Amino acid sequence: MAVRDDGIYLNRIEIPTARIARAAGVDRRTVAETVRMIQSDTGLRDIFERFQSAGLSLKGVAKQLSLGVVEISARDPKDIGILASASKLLADAGISIRQAQVDDPELSPEPKLTLIGDKSVPGHLIPEMLKIRGVARVSVY
């Protein structure tokens, strides 16, 4: 969500502060004051005006669409090559990646790599993914 023109937006759709407050479990005045604070700080405003939604996730409808989902947690989310290695394993198994989502370790307390493929992920790939340097856990749905 972005903060622009004294409001909160999801891309081009304005979200009422009362709805945000209800979801966050705070008073709407707290949300309105936070928006004012962001708008009054040029550094924060410059960042928050530019936020955009990353789009919808297929994870919640993967089963209905006969897609495969693999979630990978890293020991150190800043390790290099986990996405590339996991993608290669899926490609070598003939699975085309429909969607890849990576949580930012600076913004998420438990970041994950989520890969959604055009078919189910075979169980024999789980031990192979666990061999990838830096991988802590692998879950397949």
(message) Given the C-alpha atoms of the chain, compute the convex hull and give its volume per residue in Å³.
(response) 136
(request) Only helical DSSP H runs with n ≥ 4 go in: add -39500 (n - 2.57) per run for the chain, normalise by residue count and round the 222 nm mean residue ellipticity to 500 deg cm²/dmol. (result) -9000 deg cm²/dmol
(message) Between helix 82-92 and the chain, what is the angle of the helix's C-alpha long axis to the longest principal axis, kept within 0 to 90° and rounded to the nearest 10?
(response) 50
(request) Can you figure out the FRET efficiency of Asp6 with Glu106, using R₀ = 22 Å and their beta-carbon distance, to the nearest 0.05? (result) 0.20
(request) Could you work out the relative contact order of the chain, using alpha carbon pairs under 8 angstrom and six or more residues apart, expressed as a whole percent? (result) 24
(request) Any of Lys78/Lys112; Lys63/Lys131; Lys63/Lys88; Lys59/Lys131 with alpha carbons more than 21 Å apart? Name them for me. (result) Lys63/Lys131; Lys63/Lys88; Lys59/Lys131
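Just to be sure I follow the definition: excluding the sites themselves, where is the longest run in the chain that has none of the GluC sites (Glu not before Pro) in a DSSP loop with at most 15 other Cβ atoms within 10 Å? Don't jump to the answer; show the numbers that get you there.
Details: sites that count: Glu49, Glu106.
Looking at the chain, 50-105 is the longest stretch - no exposed GluC sites (Glu not before Pro) with at most 15 other Cβ atoms within 10 Å.
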(message) Taking a cut-off of 17 Å, what percent of all Cα-Cα pairs in the range 59-140 are separated by more than that?
(response) 40
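What net charge do the residues around Ser96 carry, taking every other residue with its C-beta under 15 Å from that of Ser96, with Lys and Arg at +1 and Asp and Glu at -1?
Combined, the nearby Lys, Arg, Asp and Glu give +1.
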(message) Please report the net charge: other residues with Cβ closer than 13 Å to the Cβ of Arg28, K and R +1, D and E -1.
(response) +2
(request) Return a whole-number percent for the relative contact order of the range 1-46, with Cα pairs under 8 Å and 6 or more residues apart as the contact set. (result) 30
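Taken together, the values in this text are just the output of simple stated rules run on the coordinates, not laboratory data. Bear in mind the structure is a predicted one, so any value in this text is a computation, not a measurement. Here Cβ is always computed from backbone atoms with ideal geometry, including for glycine, and neighbour counts include all displayed protein chains.
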